[in-house]
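Note sheet for the following structure.
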């Protein structure tokens with residue numbers, strides 16, 4: 001190879017490298033207006049947000065129009081090709097293809113019925129989805145259940161899994177507001193805010209059916225478990241937010257050890273952990289090294305920041321205010337952290353908007369450039385947040 005040819009080859013490789021470094025980064029949330037939508041943004045290099053062309057996209061279903069306080073009402077397939085959005089009032093799920101430029105196209109025959117009443121949240125393990133339903137009564141868990149659906153990517157359809165329905169307790173009500181699979185894709189957890197329990201199931205990948213873990217459901221360390229997250233560096237550790245609002249006390253956090261082989265849970269001594277006397281601890285995210293943990297405090301319009309210890313205990317660090325619109329209760333809910341740990345984003349459900357923060361090396365936060373919050377339409381009550389890199 002001549003020097004000229006070698007130089008051209010090196011330049012070509014550098015060009016490819018620079019292109020790869022500028023992959024698209026996208027955020028999605030559910031609009032949750034009566035005519036439901038998905039709202040999408042592209043994340044700029046400085047962390048500011050630009051709404052994607054064509055956004056918002058209609059789901060073909062109805063939103064709740066008020067904040068539902070559920071985790072994973074919007075999820076993506078592991079490969080980032082598909083987005084799944086719950087339509088709470090029409091008992092169905094809309095499925096979208098995600099293009100390389102972040103734009104969405106709804107698949108044929110979408111939305112798909114869940115088979116249950118008032119779907120709240122979803123969990124996906126490859127081609128097996130489970131949906132938690134809140135039922136038909138706000139005081140008692142009438143027709144509350146988990147239901148399985150099979151995701152056929154080839155035909156782009158969701159269909160019920162026979163014999164997959166798992167009823168939830170009627171009274172005290174077993175309302176589930178958060179459900180997710182562990183990174184192994186086998187152990188599924190569900191947080192029951194109404195009766196202070198955490199369900200744990202093991203998935204049979206061949207049949208798509210769930211079996212309760214020995215001892216499930218497990219008692220929550222503190223009342224009203226709401227959201228949870230697995231440690232990204234040790235998935236045997238599970239961190240749980242405890243609303244505690246119905247007891248008229250500030251929100252708290254707790255943590256559990258999880259057996260990957262059986263799904264059994266055991267509290268990690270040291271909990272509960274203070275939020276700094278903030279109201280209604282809701283959702284949890286961690287940086288990719290597992291060292292920094294954040295929770296939203298929905299009734300206080302704030303975040304609480306912690307550092308983690310190798311044994312799964314937490315250290316309270318500080319409370320961070322969330323910017324408001326018109327000084328009203330904006331209700332920060334779901335959060336995500338970008339894959340490079342540079343930015344944290346949260347969605348406000350009370351007064352619809354998105355807030356972005358830059359994450360510094362020590363885990364502290366400062367507001368990202370651009371309007372904070374980025375406001376949404378006045379009829380929206382958004383929830384759910386998904387981050388995709390293309």
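The values are calculated or read from the model by the stated rules, or taken from the named source; none is laboratory data. Keep in mind it's a predicted model, so treat the numbers as computed, not measured. So basically every Cβ, Gly included, is an ideal-geometry build from the backbone, and we count neighbours across all protein chains shown.
Taking strands (runs of 3 or more DSSP E) as the structural unit, those lying wholly within region 205-260 and holding at least 3 residues that are within 19 Å of the chain's Cα centre (by Cα) correspond to 225-230, 237-242, 252-258.
The criterion of being at pLDDT below 95 and surrounded by fewer than 20 Cβ atoms within 10 Å (Cβ to Cβ) does not hold for residue 150.
If the condition is being on the phi > 0 side of the Ramachandran plot and more than 15 Å from the chain's Cα centre (by Cα), then region 32-79 contributes 32, 47, 54, 60, 65. Checked against the criterion of being in contact with a helix residue (DSSP H, G or I) (Cβ under 8 Å, 6 or more places away or on another chain), surrounded by fewer than 24 Cβ atoms within 10 Å (Cβ to Cβ) and either at pLDDT below 95 or on the phi > 0 side of the Ramachandran plot (or both), the candidates 279, 290 yield just one match: 279.
Out of 174, 194, one residue alone is at pLDDT 95 or above and more than 23 Å from residue 29 (Cα to Cα). It is 174. Is it the case that residue 45 is part of a loop (DSSP other than H, G, I, E, B), farther than 21 Å from residue 285 by Cβ, at pLDDT 95 or above and out of contact with any strand residue (DSSP E or B) (no Cβ under 8 Å at 6 or more places or on another chain)? Considered against the rule, which asks whether it is part of a loop (DSSP other than H, G, I, E, B), farther than 21 Å from residue 285 by Cβ, at pLDDT 95 or above and out of contact with any strand residue (DSSP E or B) (no Cβ under 8 Å at 6 or more places or on another chain), residue 45 comes out as yes. Answer yes or no as to whether residue 7 is farther than 16 Å from residue 101 by Cβ, exposed (fewer than 10 other Cβ atoms within 10 Å of the Cβ) and modelled with pLDDT under 90. When the stated conditions are applied, residue 7 does not pass them.
For region 308-323, the condition of being closer than 27 Å to residue 86 by Cα and buried (at least 19 other Cβ atoms within 10 Å of the Cβ) holds for at least one residue.
One residue alone among 109, 101, 113 is without any contact (Cβ under 8 Å) to a residue 24 or more places away in the chain and over 29 Å from residue 330 (Cα atoms), and that residue is 113. Among residues that are at pLDDT 95 or above, surrounded by fewer than 23 Cβ atoms within 10 Å (Cβ to Cβ) and within 22 Å of the chain's Cα centre (by Cα), residue 120 is not included.
Among the residues of region 64-82, those that are more than 17 Å from residue 103 (Cβ to Cβ) and in contact with a strand residue (DSSP E or B) (Cβ under 9 Å, 6 or more places away or on another chain) comprise 64, 67, 68, 69, 70, 71, 72, 73, 75, 78. So is residue 344 free of Cβ contacts under 8 Å to residues at least 60 places away in the same chain and within 28 Å of residue 274 (Cβ to Cβ) or not? Yes: the conditions hold for residue 344. Number of residues in region 273-292 that are in a loop (DSSP other than H, G, I, E, B) and in contact with a strand residue (DSSP E or B) (Cβ under 8 Å, 6 or more places away or on another chain): the value is 9. Residue count for region 91-100 under the criterion of being in a loop (DSSP other than H, G, I, E, B) and crowded, with 19+ Cβ neighbours inside 10 Å: the result is 1. Scanning region 171-185 for residues that are under 18 Å from the mean Cα position of the chain (by Cα) and part of a loop (DSSP other than H, G, I, E, B) turns up 175, 182, 183, 184, 185.
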